[in-house]
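Below: one structure, written as structure tokens.
The values are calculated or read from the model by the stated rules, or taken from the named source; none is laboratory data. Small disclaimer: the values here were computed from a predicted structure and weren't measured. Quick reminder, even Gly has a Cβ in these numbers, built from the backbone with ideal geometry, and neighbours come from all protein chains shown. Side chains included, ligands, DNA and RNA excluded: accessible areas come from the protein's heavy atoms. Shrake-Rupley method; radii C 1.70, N 1.55, O 1.52, S 1.80 Å.
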Amino acid sequence: VVHAVLPPIFKPRVLKWDDRGSRRVFFVGNVGYYPNRLAIEWICRQLAPELSQLDDQIRINIIGASRDQVPVGWHSANVSFMGYADAGEVIYQMITADVFVAPIANTFGAKIKLAECVAHGTPFLATQAALSGLPFLDSVPIIDLDRPGAAARLLVEYLDNPDALVKLSQSNSERAQRARAEQTSAWGSFFK
């Protein structure tokens, strides 16, 4: 049996992220899927309080959960539960929020939401596990779920430095372009 694993690399999207200085962090993931539920819980119970202490102007938008779908203890002033949304709203968040955060703990498979971020040029911070399906991205800032204070400080550093966000966006896009070119020849080699 021959196995081949090629990471998902989407073509660049027409609608691109642009730094707007919105001080918004974004996550998308259905709360009904256990790994996403864990990510949402971490955002609400670990990251949000740390961010609030550092900068009470930063807001976290979560698509995939409404306020009534999560325990009351997860509610805080700096988290907006946007419920379920259509693709248009997800894309709007991807191109207008300052940064996406991917606090995913499982290493199973590719994280399609991160491939979408790359396609839109959306900068993101992620766990090492979240990057498991995108090995060509080697310069993404890594967050550690056991260190929410450090993750919050890293987010604030990027939110306070728009040039760094733009460079991160460009770096991810350039690496994806190179990986896409390499992948084209990889399919041919695999089938030979």
Next on the checklist: Among the residues that make up region 114-132, is at least one of them touching a helix residue (DSSP H, G or I) at 6+ places or on another chain (Cβ under 7 Å), over 19 Å from Val31 (Cβ atoms) and surrounded by fewer than 18 Cβ atoms within 10 Å (Cβ to Cβ)?
Outcome noted: no
Next on the checklist: If Asp19 satisfies all but one of (1) over 30 Å from Arg180 (Cα atoms); (2) open to solvent by less than 80 Å² (accessible area, probe 1.4 Å); (3) charged (D, E, K, R), what's the number of the condition it fails?
Outcome noted: (1)
Item to check | Criterion (open to solvent by 10 Å² or more (accessible area, probe 1.4 Å), of a type in the set (Ser, Thr, Tyr) and within 28 Å of Pro49 (Cα to Cα)) met by exactly one of Ser169, Ser173 | outcome: Ser169
Item to check | region 133-166, residues that are surrounded by fewer than 13 Cβ atoms within 10 Å (Cβ to Cβ), of a type outside the set (Gly, Ala, Ser) and at pLDDT below 95 | outcome: Pro135, Asp138
Checklist entry - Ile104 passes all but one of (1) in contact with a strand residue (DSSP E or B) (Cβ under 9 Å, 6 or more places away or on another chain); (2) open to solvent by less than 40 Å² (accessible area, probe 1.4 Å); (3) at pLDDT 95 or above; which number fails? => result (3)
Checklist entry - If you go through region 107-116 one residue at a time, do you hit one that is in a helix (DSSP H, G or I) and over 22 Å from Ala176 (Cβ atoms)? => result no
Next on the checklist: Can you say whether Val156 is in a loop (DSSP other than H, G, I, E, B), among the aliphatic types (A, V, I, L, M) and in contact with a helix residue (DSSP H, G or I) (Cβ under 8 Å, 6 or more places away or on another chain), as far as the supplied structure shows?
Outcome noted: no
Next on the checklist: If I ask for residues that are closer than 22 Å to Gly88 by Cβ, free of Cβ contacts under 8 Å to residues at least 40 places away in the same chain and open to solvent by 60 Å² or more (accessible area, probe 1.4 Å), which ones from region 23-47 would you list?
Outcome noted: Gly32, Tyr33
Checklist entry - Any idea how many residues of region 76-113 are touching a residue at least 24 places away in the same chain (Cβ under 8 Å) and within 16 Å of Val25 (Cα to Cα)? => result 20
Item to check | Pairs where the first residue, in region 11-22, is over 12 Å from Ser169 (Cα atoms) and the second is part of a loop (DSSP other than H, G, I, E, B), C-beta under 6 Å, 6+ apart | outcome: Ser22/Asp98
Item to check | Of all residues in region 51-100 being touching a Cys at 6+ places or on another chain (Cβ under 7 Å) and not in a loop (DSSP other than H, G, I, E, B), the one that is surrounded by the fewest Cβ atoms within 10 Å (Cβ to Cβ) | outcome: Trp74
